[in-house]
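Worksheet for the structure shown next.
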Amino acid sequence: MFWPMTYLGALAGWWLASIPGALLGGLIGHVVDRRLGLTSWSRLRQRLSGGPPVMQGHELLFFLLGRLAKSSGRISEAHIQAARGEMRRLQLTASRQRAAIDAFYRGKAGGDGLREPLQRLRGRQDEVRSVLQACWRMARAQGAVDTREHELIMLWGKWMGWDAAAVAALDQGGGPRQGAPRHVGGAYEQALRLLGVRADSDPQVIKRAYRRLLSKHHPDKQAGAGASALQVREATERTRELHSAYSLIRERRGFR
């Protein structure tokens with residue numbers, strides 16, 4: 001692993017203020033590297049070009065696991081233990097474990113595009129199988145798989161070239177999912193209904209609908225208008241639902 005901003009910061013610091021400057025510049029650069037996940041020159045170039053970071057191997061896997069862990073609301077101790085279990089299963093070295101932890105917490109924060117790196121796995125059946133099995137294990141860390149986790153794994157499997165039946169067959173836990181949708185069509189269709197858009201709506205239309213509803217139901221706006229505590233709580237819940245619906249649609253449609 002190579003930290004480009006650490007190197008550049010130390011070099012600039014040395015030029016400006018000799019050894020003390022190099023130490024300070026290296027420290028600041030390392031903070032930037034860790035914050036942005038810059039572990040190589042290619043990663044830095046990708047960031048500067050404005051595209052999503054290129055992820056592969058264990059880094060991609062633990063990014064997915066972090067995204068799954070956060071998708072149901074918050075990361076629990078069970079999720080953390082599941083991630084550690086995957087590290088042991090893969091027999092990662094100390095340096096690779098640190099990289100995996102960084103990827104896991106970047107996945108928790110979201111923001112990286114996943115369609116392209118997952119599509120690069122098409123045809124690599126054993127690798128795809130291992131990734132999907134790890135994802136199902138993470139989804140079942142707290143017991144039953146909830147709707148959001150299920151939708152994400154099925155979508156990722158589709159991007160990697162697997163059909164829904166093959167992806168579902170890798171879920172060794174089986175059984176029902178938590179929060180299973182009451183309406184026919186699944187979580188994606190529910191998300192479309194919540195935002196009042198269609199499956200073929202333009203991304204800009206979807207974004208405008210999301211922002212309009214978010215502004216209308218935002219709890220701060222409700223509180224400022226004199227809403228009761230109950231109404232503010234309801235607005236908070238609706239805002240959370242809007243966030244989840246928009247995130248699901250954006251994942252499925254592949255726009256940022």
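Students often get this wrong: which residues of the range 142-162 have the backbone nitrogen under 20 Å from the point 7 angstrom along Cα-to-C-beta of residue 240? Flagged as within label range: 142-152. Label separation (residue 126 vs residue 11): 3.9 nm, computed from points 7 Å beyond Cα along the C-beta direction. Partners of residue 70 within straight-line reach, counting lysines whose Cα lies under 19 Å from its Cα and excluding those fewer than 8 residues away in the same chain: 108. Assuming 1.002 mPa s and 20 °C, estimate D for the range 56-137 with Stokes-Einstein, Rh taken as the Kirkwood radius over Cα pairs, in µm²/s. Approximately 168 µm²/s, per Stokes-Einstein. Bridgeable lysines around residue 216 (alpha carbons under 24 Å apart, same-chain partners fewer than 8 residues away excluded): 207.
Taken together, the values in this text are just the output of simple stated rules run on the coordinates, not laboratory data. The shown structure was predicted, so the numbers you read here are calculated from the model rather than taken from an experiment. We place every Cβ from the backbone using ideal geometry, glycine too, and count neighbours over all the protein chains shown.
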